[in-house]
1. Name the pairs: first residue in the stretch 107-128 and under 20 Å from residue 139 (Cα atoms) and among the hydrophobic types (A, V, I, L, M, F, W, C), second residue at pLDDT 90 or above and crowded, with 18+ Cβ neighbours inside 10 Å, Cβ to Cβ under 6 Å, at least 6 apart or on different chains?
2. Among the listed residues 163, 75, 156, which satisfies the condition of being at pLDDT 90 or above, out of contact with any strand residue (DSSP E or B) (no Cβ under 8 Å at 6 or more places or on another chain), closer than 13 Å to residue 51 by Cα and surrounded by 18 or more Cβ atoms within 10 Å (Cβ to Cβ)?
3. Taking residue 84 as meeting all but one of (1) aliphatic (A, V, I, L, M); (2) touching a helix residue (DSSP H, G or I) at 6+ places or on another chain (Cβ under 7 Å); (3) under 24 Å from residue 174 (Cβ atoms), write down the number of the exception.
4. Taking only the stretch 93-123 into account, find how many residues are in a loop (DSSP other than H, G, I, E, B) and at pLDDT 90 or above.
5. Hey, can you tell me all the residues within the stretch 126-152 that are among the aliphatic types (A, V, I, L, M) and surrounded by fewer than 16 Cβ atoms within 10 Å (Cβ to Cβ)?
6. Looking at the stretch 124-138, which of its residues are at pLDDT 90 or above and in a strand (DSSP E or B)?
7. Filter the stretch 111-168 down to the residues that are of a type in the set (S, T, N, Q) and more than 11 Å from the chain's Cα centre (by Cα), then identify the one that is nearest to residue 59 (Cα to Cα).
8. Tell me which residues, restricted to the stretch 66-84, are of a type in the set (A, V, I, L, M, F, W, C) and not in a strand (DSSP E or B).
Amino acid sequence: MKRLPTVSFRTAPAALAATLGVIALTATLTPETGMTGRLDLADAPPGALGVHVAFQLADCASTLAFLEILDHPSLLGRVSLASLVFLGEARDTAAAARALGGTGKGRPLIVASAATRRALQRLGFRRTPFFVVEDADGVVRFASPVPAGPRQLRALHGSLRALADLETHRARSAR
């Protein structure tokens with residue numbers, strides 16, 4: 001049986017960056033096709049990225065604690081929480097907000113429309129929580145389920161840092 005190539009956690013960010021460059025994810029989540037609640041990136045540095053997190057009421061605040069990595073100095077101001085996309089009924093938004101506690105960092109809580117759900121499924125959504133990273137133009141750059149443990153969280157941090165570096169370079173080159 002042929003073994004698949006492995007990627008170490010040290011090379012994972014570079015591998016992810018190369019993969020994203022080749023795949024060139026170009027799905028855009030607009031009000032017509034999906035998510036809303038874009039970041040106001042006018043004052044953000046070039047290449048800033050926004051994270052949308054889709055979740056259900058059953059996802060407690062501890063499941064969404066991975067958002068703390070957005071406060072890491074290497075990501076601060078470059079990768080920010082744009083919105084929390086609630087995959088539940090509008091009548092349950094107050095309960096969802098309570099369940100999130102301070103995890104939501106004051107970002108908007110958006111009830112997912114049918115179009116948003118379809119857009120998420122096209123991006124590979126199968127379970128919650130699920131997050132989508134998009135650039136200032138609304139182009140999806142990364143989408144994934146939430147990391148399942150500390151190792152995956154470290155790999156995600158490295159991947160987001162590499163992606164933010166790529167976006168910063170792309171934005172500066174476009175000037």
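The values are calculated or read from the model by the stated rules, or taken from the named source; none is laboratory data. If you're wondering where the values come from, they're calculated on a predicted model, not measured in any experiment. Don't worry about glycine lacking a Cβ; one is built from the backbone with ideal geometry, like all the others, and counts go over all protein chains shown.
1. 110/85; 112/85; 112/87; 120/54; 123/143
2. 75
3. Among (1) aliphatic (A, V, I, L, M); (2) touching a helix residue (DSSP H, G or I) at 6+ places or on another chain (Cβ under 7 Å); (3) under 24 Å from residue 174 (Cβ atoms), the lone unmet condition for residue 84 is (3).
4. Filtering the stretch 93-123 for residues in a loop (DSSP other than H, G, I, E, B) gives 105-108, 112-113, 123.
Pick out the ones that are also at pLDDT 90 or above and you get 112-113, 123.
Here the count works out to 3.
5. Within the stretch 126-152, 139, 148 qualify.
6. Once the filter is applied, which keeps residues that are at pLDDT 90 or above and in a strand (DSSP E or B), the stretch 124-138 yields 130, 131, 132, 133, 134.
7. Residues of the stretch 111-168 of a type in the set (S, T, N, Q): 113, 116, 121, 128, 144, 152, 159, 168.
Adding the requirement that they be more than 11 Å from the chain's Cα centre (by Cα) leaves 113, 116, 121, 128, 152, 159, 168.
Working: 113: 19, 116: 18, 121: 18, 128: 7, 152: 18, 159: 24, 168: 32 Å.
My answer is 128.
8. Correct list: 66, 67, 69, 70, 75, 76.
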